[in-house]
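Peer 1: Quick one: the structure is below, and I'll ask about it shortly.
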Amino acid sequence: MNPPATLWTPPPVASVAVRGLRERAPVARLFFVGRNYHAHAVEMGRPVDKSAELPFYFTKSPSTLVESGATVPYPPRTQNYHYEMELVVVVGKPGFRVAEADAHELIYGYACGLDMTRRDLQLVARDKGRPWDLGKDIENGSVISEIVPMPGVVVERGEIALEVDGQTRQRSDIDKLIWNIRELIADLSTYYHLQPGDLIYTGTPEGVGPVQPGQRLEGRVEGIGRVALQIGAAE
Ligand code: MN
């Protein structure tokens, strides 16, 4: 069947390359976990007490995705554009109210991601009780590596690190996640019917900071891969 006639060209379906496959993975939604490493929560001035708190999330549009290796403009309306290196879980099966013990069944694989952030705008929004969209939902602001198929595998440890122009700025381990991957899938699936193509950015460790036009970001997660981004001139 032909697609319906449309007034203008529809936006493309966002998709991500998959290691070893010709087919790309179409993307449904982008979920991001807020403060999920203790040392990062502390550097943001908002320590987490897991015994008294639940994880929280924000979303970005799939149209903000950009592939690893791209050069992107320094975005408008910020003086403090920050990197956040993150492990990304790729959902490959649907699930709603999933038990932690079954959470692995939803996992298709993993990627390395950067949750780019207009920190100045995010902090104004946070402190005024406003939505985070202007600080987080940024064109070219969701960087993603190729997806590594690891169906049913729960990643529990491995170094996560980020360099700016070859200098290490973030270095931690996946075993320091406050809410681990089983807990995140179980909790997020109480709010949403998770579906294939949902990406879950699992949070960033300490060491977040600004990046300038001309600088290069290179991140890695042990056992998964690498992600890179080149910051171009301001628009
Ligand atoms: Mn983040």
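Peer 1: Out of Leu7, Gln167, Ala228, whose Cα points farthest toward the positive end of the dipole of the chain (charges: +1 Lys, Arg; -1 Asp, Glu; placed on Cβ)?
Peer 2: Working it through, the farthest residue towards the positive pole turns out to be Leu7.
Peer 1: Same structure, new question: At most 13 other Cβ atoms within 10 Å and a DSSP loop assignment: could you name the GluC sites (Glu not before Pro) in the stretch 147-196 that fit? Each step should come with its number before you reach the end.
Peer 2: Values: sites: Glu156, Glu159, Glu163, Glu183; in loops: Glu156.
For GluC sites (Glu not before Pro) across the stretch 147-196 that sit outside H, G, I, E and B with at most 13 neighbouring Cβ atoms in 10 Å, the list reads Glu156.
Peer 1: How about the stretch 55-148: which chymotrypsin sites (Phe, Trp or Tyr not before Pro) there lie in a loop by DSSP and see at most 14 other Cβ atoms within 10 Å? Show your work: numbers first, answer last.
Peer 2: On the way: sites: Phe56, Tyr57, Phe58, Tyr81, Tyr83, Phe96, Tyr108, Tyr110, Trp132; in loops: Phe56, Phe96, Trp132.
Sites meeting the loop and neighbour criteria: Phe56, Phe96.
Peer 1: Shape call for the chain from the C-alpha gyration tensor, a ≥ b ≥ c root eigenvalues: rounded (a/c under 1.5), prolate (a/b greater than b/c) or oblate?
Peer 2: Working: a/c = 1.31, a/b = 1.04, b/c = 1.26.
Taking the square roots of the gyration eigenvalues as a ≥ b ≥ c, the chain is rounded.
Peer 1: Order the following by accessible area, largest value first: His104, His38, His82. Probe radius 1.4 Å; ligands, DNA and RNA are ignored. Spell out each step's value before the answer.
Peer 2: On the way: His104 55, His38 95, His82 20 Å².
Per-residue accessible area, sorted high to low, gives His38, His104, His82.
Peer 1: Then there's this: Which order do the peptides 23-36, 4-17 take when ranked by the mean count of other beta-carbon atoms within 10 Å per residue, highest first? Kindly include the intermediate steps, with their values, before the conclusion.
Peer 2: Values: 23-36: 19.3, 4-17: 10.4.
Listed from highest to lowest mean packing, they are 23-36, 4-17.
Peer 1: Express the accessible area of the stretch 18-234 per residue in Å², computed with a 1.4 Å probe while the remaining protein chains stay in the model. Don't skip to the end; give the middle numbers.
Peer 2: Numbers: 9670 Å² over 217 residues.
So the stretch 18-234 comes to 45 Å² accessible per residue, rounded to a whole number.
Peer 1: OK, next. Mind running the shape call on the stretch 4-125? Use the C-alpha gyration tensor, a ≥ b ≥ c as the square roots of the eigenvalues: rounded below 1.5 for a/c, prolate if a/b tops b/c, oblate otherwise.
Peer 2: Numbers: a/c = 1.86, a/b = 1.15, b/c = 1.61.
Here the stretch 4-125 falls in the oblate category.
Peer 1: Separation of the stretch 138-159 and the stretch 178-235 by C-alpha centroid, Å?
Peer 2: A separation of 7 Å, based on Cα centres.
Peer 1: Dipole size in debye (nearest 20) for the chain around its Cα centre, Lys and Arg Cβ +1, Asp and Glu Cβ -1? Mind dumping the intermediate values first?
Peer 2: Details: 25 positive and 30 negative charges, 79 e Å.
Approximately 380 debye in magnitude.
Peer 1: Separate question: Please state the charge dipole magnitude for the stretch 1-114, taken about the Cα centre, from unit charges on C-beta atoms (+1 on K and R, -1 on D and E), reported in debye and rounded to the nearest 20. Spell out each step's value before the answer.
Peer 2: Numbers: 11 positive and 10 negative charges, 63 e Å.
Value, rounded to 20: 300 debye.
Peer 1: If packing is taken as the mean number of other Cβ atoms within 10 Å per residue, what is the order of 197-205, 184-192, highest first? Can you show the working numbers first?
Peer 2: On the way: 197-205: 25.3, 184-192: 18.3.
Put in order of decreasing packing, that is 197-205, 184-192.
Peer 1: Straight-line reach from Lys50: which lysines have Cα under 16 Å away, leaving out those fewer than 8 places along the same chain?
Peer 2: Here the lysines satisfying the reach criterion relative to Lys50 are Lys176.
Peer 1: List the aspartates and glutamates whose Cα sits under 18 Å from the Cα of Lys60, skipping any in the same chain fewer than 8 residues away.
Peer 2: Glu84, Glu86, Asp115, Asp120, Asp133, Asp137, Glu139, Asp198
Peer 1: Further question on the same structure: Ignoring ligands, DNA and RNA, what percent of the 1.4 Å accessible area of the chain is carbon and sulfur?
Peer 2: Working: 6000 of 11550 Å².
Summing carbon and sulfur atoms, their accessible area is 52 percent of the total for the chain.
Peer 1: Once you have a ≥ b ≥ c as the square roots of the Cα gyration tensor eigenvalues for the stretch 106-235, tell me rounded if a/c is under 1.5, and otherwise prolate or oblate according to whether a/b is larger than b/c. Numbers along the way, then the final one.
Peer 2: Details: a/c = 1.74, a/b = 1.22, b/c = 1.43.
Since a/c reaches 1.5 but b/c is at least a/b, the shape of the stretch 106-235 is classed as oblate.
Peer 1: Moving on. For Thr168 and Ser61 in one chain, what is 0.36 nm times their gap in residues minus the Cα-Cα distance, to one decimal in nm?
Peer 2: Numbers: separation 107, 0.36 × 107 = 38.52 nm, distance 2.92 nm.
Between Thr168 and Ser61, full extension yields an extra 35.6 nm.
The values are calculated or read from the model by the stated rules, or taken from the named source; none is laboratory data. Computed from a prediction, not measured in an experiment: that's the story for all the values here. Because the Cβ atoms are built from the backbone with ideal geometry, glycine has one as well, and the counts that use them run over all protein chains shown. The protein model used for the area step is the full one, side chains on, heavy atoms only, and it has no ligands, DNA or RNA in it. Shrake-Rupley method; radii C 1.70, N 1.55, O 1.52, S 1.80 Å.
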